[in-house]
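Peer 1: One structure, pasted below without further comment.
The values are calculated or read from the model by the stated rules, or taken from the named source; none is laboratory data. As the structure is a computational prediction, the values presented were derived from the model and not from experiment. Counting neighbours? That spans all protein chains shown, and the Cβs are built from the backbone with ideal geometry, glycine included.
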Amino acid sequence: MLTVLLLFTGTTALFSQKFAIITDKASYEGAREQIELYSQTLLKEGLTNIIIIDKWGHPDSIRRELRKLYNSNKGFEGAVFIGDIPVPMLRDAQHMTSAFKMDQERYPWERSSVTSDRFYEDFDLKFDYLKHDTVFKHLHYYSLRHDSPQTVTPDIYTGRIRIPWDKDFSLLKAYLKKVVAAHNEINPVDEVLFFAGHGYNSESMIARLDEKAALLQQFPQLNRQKNGLEFIDFSFDDHIKFRLLSTLSSQDFDIALLHHHGDTDLQLLDGEPPAMGVQGSVESIKFYLRSKVRDARDKDAAKKNYMEWLGVPEAWFDLANDKNQTFKDSVYYADMDVSAADLKNYTPRPRFIMFDACFNGSFQLDEYISGHYVFGNSGTIAAMANTVNSLQDKFPDEMAGLLGFGMRIGELNKFNGFTETHIIGDPTFRFTPSGKVDYETLMKAATSNSKLLKLASYPHPDVQAWSLRKLSENKYPGTSNLLKEKYFASPYGTTRMECLINLAAIGDDNFIEVLSAAMEDSYELVRRFALIFTSESGDPRLIPALIKSAGNPNISDREVFQMNSLYGFFDKETLLRELDKSFLNIDTTGNYSGKIYSKVKKGIEADCNSTSETIKAICSPDTPAKTKIFEIKTLRNMPYHVGIPSLCSFALKCSDEQQLLLLIEAFGWFNYSYNKKEIEKTCREIASSDKYSEKVRNEALKTINRLKNPK
């Protein structure tokens with residue numbers, strides 16, 4: 001049952017709504033004055049809204065209401081969920097995350113499902129309801145249907161205001177009061193901080209430098225005498241959290257972009273710092289040995305093993321069990337991370353924080369770190385954070401520059417097509433536009449291709465990127481040629497990124513031409529994505545550009561990371577011929593170029609041999625079932641294009657339903673493959689044959705839908 005309160009909207013309330021405030025009964029009664037004041041504040045901004053009190057407690061009823069509002073109200077933007085609004089937990093949809101892959105049969109449902117409000121945002125997606133969790137009462141499980149779209153394209157945006165540690169609604173009241181005050185401020189984007197944590201993006205300095213250059217293009221107003229864009233790297237201090245939290249609390253940052261690893265209740269910022277000098281190295285080893293012995297069941301045996309392995313003296317294990325030393329060591333470890341307890345001593349001031357990390361946005365839990373930033377003693381109104389693990393190699397700052405044009409925070413998350421990414425807090429918050437053009441002006445042009453074509457030349461990278469994205473969504477007939485033209489002409493790295501991403505979805509000859517050029521792009525993120533798309537495409541025409549990139553002695557650490565195992569997606573002999581051709585007039589006997597040649601050659605041989613072994617293991621009748629299943633699962637991360645003919649042949653002959661289901665599901669990860677039509681043909685044959693079970697036929701249809709629409 002849904003109780004709908006039509007407030008502050010006049011006589012045409014139901015047909016003029018643009019936003020919904022959905023709250024549980026207890027939260028509404030506990031903070032009614034503040035919720036209604038928030039509603040009035042949105043109305044003053046021109047965002048008419050209704051308050052909906054959920055008394056049923058089921059996601060389906062809420063989704064139906066949102067769909068009805070969307071279909072009957074032109075301009076309906078989204079919703080905010082206040083309190084314990086039901087949480088959808090998605091299964092059989094791991095391909096719609098950026099990185100999450102967990103065995104659904106082996107692990108508990110609450111762990112192997114993806115917490116996702118995309119269920120409420122994308123009305124085209126189709127789900128089967130599975131069950132209501134009997135322990136975690138707010139969780140509801142759904143399976144993505146085979147006949148559903150297999151990518152996320154949100155129709156609306158949402159935000160979560162869920163504060164499990166708020167027992168008397170005092171925090172909710174204080175938060176909404178803060179939100180109302182922020183909405184009434186004049187506050188353009190003029191101060192931004194970005195942070196890079198330990199191990200993130202292979203700690204590539206080139207990636208850090210290029211991100212700063214890109215951000216100054218996305219926020220040109222930061223290019224001024226007063227420092228408008230600040231950067232902190234974890235390597236600045238042994239324990240960087242004190243500098244980071246102090247900086248966030250001492251300056252009026254509008255936006256903080258935090259790239260680091262994470263857990264549900266922790267920001268994982270640091271690793272053990274590199275030792276300096278001989279004595280420093282000794283102390284570092286002692287620290288390591290103490291931790292290993294301290295945690296061992298048989299401490300004497302552990303000590304003996306490490307002494308033999310590392311050749312260290314017994315004295316280096318001293319104080320391993322000393323209480324004072326143990327306390328010091330534990331504090332040292334704890335200070336590598338940020339917890340909710342740390343925030344009690346600081347007052348972070350950024351209005352919007354992006355947690356580009358795993359698990360920091362796990363709002364379904366009783367504790368999640370991003371919630372303590374947003375709903376604690378801070379100036380933060382909203383955060384973008386992930387409910388499960390998140391890929392490092394993605395486009396985290398995509399369209400972020402539009403926040404300077406007054407785009408609402410929720411709109412930013414609509415550009416992110418992953419099920420795990422959410423807005424924590426108020427999704428309607430926006431900064432004061434700082435230029436002649438604002439986001440509302442852009443939105444008025446969204447359905448006019450002629451206006452979008454003009455905006456594609458507007459002197460701002462994200463306005464150009466946005467217009468190109470909209471033209472692609474509108475299926476403008478000249479999109480592919482335009483994307484290619486803009487890629488080669490644009491001085492903006494983020495615009496070229498958008499061109500590459502949209503061309504990847506088209507997958508035509510223009511994509512291959514741009515992709516080959518992108519491996520030499522001046523923007524490191526474009527080069528990195530070019531290598532990712534190269535592995536996912538496998539088109540033999542990419543080999544010359546790939547070998548040229550591999551022979552470059554100055555590629556970034558993250559590009560090197562992407563090169564790992566990449567050669568295995570291509571034909572071995574073709575790669576080796578191209579390698580010899582590229583080094584034809586270069587001395588490979590004794591200089592650094594020779595080392596590169598040898599390294600690439602070894603990499604080609606190792607990767608391609610590994611590919612052959614994997615394909616053989618899958619297709620051979622002599623392979624043990626357990627090994628075969630393991631190898632099939634590797635195809636989700638390793639789409640071996642050269643093996644497609646053999647794999648398709650095996651699929652049509654396979655009599656083991658479990659293996660066949662896993663292989664068909666793995667085929668769905670070949671959605672950018674140059675040879676995916678052969679997979680689609682195989683899946684159609686399976687889907688149309690009565691000799692297969694309904695479960696197998698449906699999985700084949702699901703893969704066909706995945707191959708049609710790559711992200």
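Peer 1: Looking only at residues that are hydroxyl-bearing (Ser, Thr, Tyr) and part of a helix (DSSP H, G or I) in segment 470-485, which one is farthest from residue 444 (Cα to Cα)? Full working, then the answer.
Peer 2: So in segment 470-485, the residues hydroxyl-bearing (Ser, Thr, Tyr) come out as 472, 476, 479-480.
Then keep just the ones that are part of a helix (DSSP H, G or I); that gives 472, 479-480.
On the way: 472: 17, 479: 20, 480: 23 Å.
Here the answer is 480.
Peer 1: Looking at 338, 331, 374, can you tell me which residue is surrounded by fewer than 16 Cβ atoms within 10 Å (Cβ to Cβ) and within 29 Å of residue 200 (Cα to Cα)?
Peer 2: The unique qualifying residue is 331.
Peer 1: Follow-up. Working only within segment 129-176, note down all residues that are surrounded by 18 or more Cβ atoms within 10 Å (Cβ to Cβ) and aromatic (Phe, Trp, Tyr).
Peer 2: Correct list: 141, 142, 157, 169, 175.
Peer 1: Identify all residues within segment 69-107 that are of a type in the set (Gly, Ala, Ser), in contact (Cβ under 8 Å) with a residue 60 or more places away in the chain and surrounded by fewer than 23 Cβ atoms within 10 Å (Cβ to Cβ); write none if there are none. Walk me through it before giving the result.
Peer 2: Here is the first cut: in segment 69-107, the residues of a type in the set (Gly, Ala, Ser) are 72, 75, 78-79, 83, 93, 98-99.
With in contact (Cβ under 8 Å) with a residue 60 or more places away in the chain added as a condition, the list becomes 78-79, 83, 93, 98-99.
98, 99, listed by residue number.
Peer 1: When you go through (1) surrounded by 15 or more Cβ atoms within 10 Å (Cβ to Cβ); (2) more than 31 Å from the chain's Cα centre (by Cα); (3) of a type in the set (A, V, I, L, M, F, W, C); (4) modelled with pLDDT of 95 or more one by one for residue 596, which number turns out not to apply?
Peer 2: (4)
Residues checked against (1) closer than 20 Å to residue 709 by Cβ; (2) among the β-branched types (Val, Ile, Thr):
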residue	(1), (2)
429	no, no
453	no, no
464	no, no
471	yes, no
481	no, no
495	no, yes
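Peer 1: When segment 401-417 is examined, which residues are found to be outside any helix (DSSP H, G or I) and over 16 Å from the mean Cα position of the chain (by Cα)?
Peer 2: 406, 407, 408
Peer 1: State yes or no: is residue 547 at pLDDT 95 or above, over 27 Å from the mean Cα position of the chain (by Cα) and not acidic (Asp, Glu)?
Peer 2: It is true that residue 547 is at pLDDT 95 or above, over 27 Å from the mean Cα position of the chain (by Cα) and not acidic (Asp, Glu).
Peer 1: Is it the case that some residue within segment 231-238 is surrounded by fewer than 13 Cβ atoms within 10 Å (Cβ to Cβ) and among the aromatic types (Phe, Trp, Tyr)?
Peer 2: Yes, there is a match, as at least one residue in segment 231-238 is surrounded by fewer than 13 Cβ atoms within 10 Å (Cβ to Cβ) and among the aromatic types (Phe, Trp, Tyr).
Peer 1: Take segment 84-122 and flag every residue that is part of a strand (DSSP E or B) and farther than 21 Å from residue 164 by Cα. Reasoning before the result, please.
Peer 2: As a first pass, look at segment 84-122 and keep what is part of a strand (DSSP E or B): 87-91, 114-115.
Hits for segment 84-122 are 90, 91.
Peer 1: Another one. Run down 26, 20 and say which single residue is surrounded by 16 or more Cβ atoms within 10 Å (Cβ to Cβ), at pLDDT 95 or above and of a type in the set (Gly, Ala, Ser). Walk me through it before giving the result.
Peer 2: Numbers: 26 fails: surrounded by 16 or more Cβ atoms within 10 Å (Cβ to Cβ).
The unique qualifying residue is 20.
Peer 1: If I ask for residues that are in a loop (DSSP other than H, G, I, E, B) and aromatic (Phe, Trp, Tyr), which ones from segment 314-346 would you list?
Peer 2: 346
Peer 1: Going by the structure shown, is residue 387 farther than 26 Å from residue 495 by Cα and of a type in the set (Ser, Thr, Tyr)?
Peer 2: When the stated conditions are applied, residue 387 passes them.
Peer 1: Checking the condition crowded, with 18+ Cβ neighbours inside 10 Å, of a type in the set (Val, Ile, Thr) and in contact with a Ser or Thr (Cβ under 8 Å, 6 or more places away or on another chain), which residue from 421, 494 passes?
Peer 2: 421
Peer 1: How many of the residues in segment 427-451 are touching a residue at least 12 places away in the same chain (Cβ under 8 Å), loosely packed, with under 15 Cβ neighbours inside 10 Å and outside any loop (DSSP other than H, G, I, E, B)?
Peer 2: 1
Peer 1: Show me the helices (runs of 4 or more DSSP H) found entirely inside segment 621-711 where at least 2 residues are in contact with a strand residue (DSSP E or B) (Cβ under 6 Å, 6 or more places away or on another chain) and either polar (S, T, N, Q) or touching a residue at least 60 places away in the same chain (Cβ under 8 Å) (or both).
Peer 2: Correct list: empty, since no element meets the threshold.
Peer 1: If residue 506 meets every condition in (1) surrounded by 17 or more Cβ atoms within 10 Å (Cβ to Cβ); (2) closer than 24 Å to residue 668 by Cα; (3) among the hydrophobic types (A, V, I, L, M, F, W, C) apart from one, which number is that one?
Peer 2: Among (1) surrounded by 17 or more Cβ atoms within 10 Å (Cβ to Cβ); (2) closer than 24 Å to residue 668 by Cα; (3) among the hydrophobic types (A, V, I, L, M, F, W, C), residue 506 violates only (1).
Peer 1: A further question on this structure: Filter segment 649-680 for residues that are over 13 Å from residue 635 (Cα atoms), under 31 Å from the mean Cα position of the chain (by Cα) and of a type outside the set (A, V, I, L, M) and give the result.
Peer 2: Scanning segment 649-680 gives 658, 672, 674, 675, 676, 677, 678, 680.
Peer 1: Further question: Before we move on, is residue 366 of a type outside the set (Gly, Ala, Ser), surrounded by 24 or more Cβ atoms within 10 Å (Cβ to Cβ) and at negative phi?
Peer 2: So residue 366 does not fit the description; no.
Peer 1: Okay, next question. Does residue 49 count as within 30 Å of residue 179 (Cα to Cα) and free of Cβ contacts under 8 Å to residues at least 12 places away in the same chain?
Peer 2: No: the conditions fail for residue 49.
Peer 1: Within segment 591-620, restricting attention to residues that are among the hydroxyl-bearing types (Ser, Thr, Tyr) and part of a helix (DSSP H, G or I), which residue is farthest from residue 664 (Cα to Cα)?
Peer 2: Among them, the one singled out is 592.
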